[in-house]
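Presented below is the structure to which this report refers.
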Amino acid sequence: MRLCSIASGSSGNCIYVGSETAHLLVDVGISGKRIEKGLKELGLTGKDIDGILITHEHADHIQGLGVVSRKFGIPVYATEGTIKAIMNCEGLGSLEESLFQPIREDRKFTIKDLTVNPMRISHDAAQPVAYRIAYGSKKVGVCTDLGVYNEYTVECLKGMDALLLEANHDVNMLQVGPYPYYLKQRILGERGHLSNENAGRLLSRIVHDNLQTVVLGHLSKENNLPELAFESVRMEITMGDNPYTAGDFDIQVARRSEISPVVHIK
């Protein structure tokens with residue numbers, strides 16, 4: 001089983017998760033050309049993709065959906081609320097409604113040998129979800145765009161072998177940065193984005209012996225730095241109420257504009 005970030009950041013997101021026989025994309029918020037370039041680096045083409053899992057309808061998660069779905073005829077999985085919101089989005093071109101497969105939170109479905117389990121998240125979108133994807137006993141989570149986490153989130157993310165988790169912003173950088181007040185409040189709110197510190201606190205609740213890799217994703221270009229996200233999360237894990245230190249786990253930061261190292265879940 002493999003996990004790889006083709007692109008992850010506030011300007012565009014596209015994550016690959018796959019097995020030997022099934023290949024999925026979580027979000028397609030970059031150009032079709034960049035998606036195909038990333039897949040080529042993984043030894044794949046758009047024809048190999050068995051499904052596109054959409055978390056929500058914001059542009060940085062669906063920008064390439066029209067181009068890719070039209071070119072390759074890939075099934076698109078999303079909640080009913082997200083599908084309706086996507087169909088109302090301008091700029092995607094014509095979308096074949098028959099490609100959309102409605103899904104529901106906490107209701108598993110299978111794509112070849114992968115089991116997908118959507119989970120609720122708190123974000124200012126129509127009906128957003130994150131995804132847990134299993135191949136046999138191996139589990140991968142892709143969880144971004146959540147303003148707050150709760151006990152439900154913690155329970156959903158326990159037992160992951162690898163996890164791509166949002167570490168969107170440093171609170172101090174955001175507060176003194178150039179964004180207008182309303183946008184700062186939106187990002188900091190319960191339906192906004194997860195800060196570095198909160199990402200670390202969430203991780204400190206779910207780390208376990210078999211967690212192989214954590215990938216920090218969806219970093220803000222204006223309100224974060226890769227080194228800052230990395231160190232802040234490591235500090236929270238080490239200081240957290242758990243028997244681990246950050247050095248016990250492989251922690252990576254997803255790259256904004258290029259493919260990240262492939263995580264092989266063993």
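The values are calculated or read from the model by the stated rules, or taken from the named source; none is laboratory data. Small disclaimer: the values here were computed from a predicted structure and weren't measured. Heads up, the Cβs are rebuilt from the backbone with ideal geometry, glycines too, and the neighbour counts pull from every protein chain shown. Heads up: the accessible areas ignore ligands, DNA and RNA and are worked out on the full protein's heavy atoms, side chains in. Shrake-Rupley method; radii C 1.70, N 1.55, O 1.52, S 1.80 Å.
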Problem - the range 1-50 - percent relative contact order, Cα under 8 Å, separation 6 or more - result: 29 percent
Problem - Antiparallel bridges, percent of DSSP beta bridges restricted to the chain (to nearest 5) - result: 50 percent
Handout entry: Surface accessible to a 1.4 Å probe, Cys89 within the full protein complex, Å²
Key = 50 Å²
Completion exercise
Between Leu53 and residues 5 or more places away or on another chain, the pairs with built amide H atoms under 5 Å apart involve Leu25, Val26, Asp27, Tyr77
Exercise for the section: Taking the Cβ of Val148 as the centre, find all other residues whose Cβ is under 10 Å away and add up their charges (Lys, Arg: +1; Asp, Glu: -1). Expected result: 0
Fill in the blank from the handout: Which of Ala254, Ala85, Ala167 fluctuates most in a GNM of the chain (C-alpha springs under 10 Å)? That residue is Ala85
Problem - Ellipticity estimate at 222 nm from DSSP helix runs (n ≥ 4, -39,500 (n - 2.57)) divided over the chain, nearest 500 - result: -8000 deg cm²/dmol
Problem - Surrounding net charge for Leu65, when Lys and Arg each add one and Asp and Glu each subtract one, Cβ distance under 12 Å - result: -2
Problem - In the chain, lysine pairs with alpha-carbon atoms under 16 angstrom apart (chain gap of 8 or more, or interchain) - result: 16
Practice task
For the chain, give the magnitude of the charge dipole about the Cα centre (Cβ charges: +1 Lys/Arg, -1 Asp/Glu; no others), in debye to the nearest 20.
Solution key: 520 debye
Completion exercise
Excluding ligands, DNA and RNA, the carbon-plus-sulfur percentage of the accessible area of the range 1-101 with a 1.4 Å probe reads 47 percent
Exercise for the section: Report, in whole Å, the centroid distance computed from the Cα atoms of the range 243-263 and the range 207-229. Expected result: 6 Å
Problem - Projected area averaged over orientations for the range 128-266, convex hull of C-alpha atoms, nm² - result: 8.5 nm²
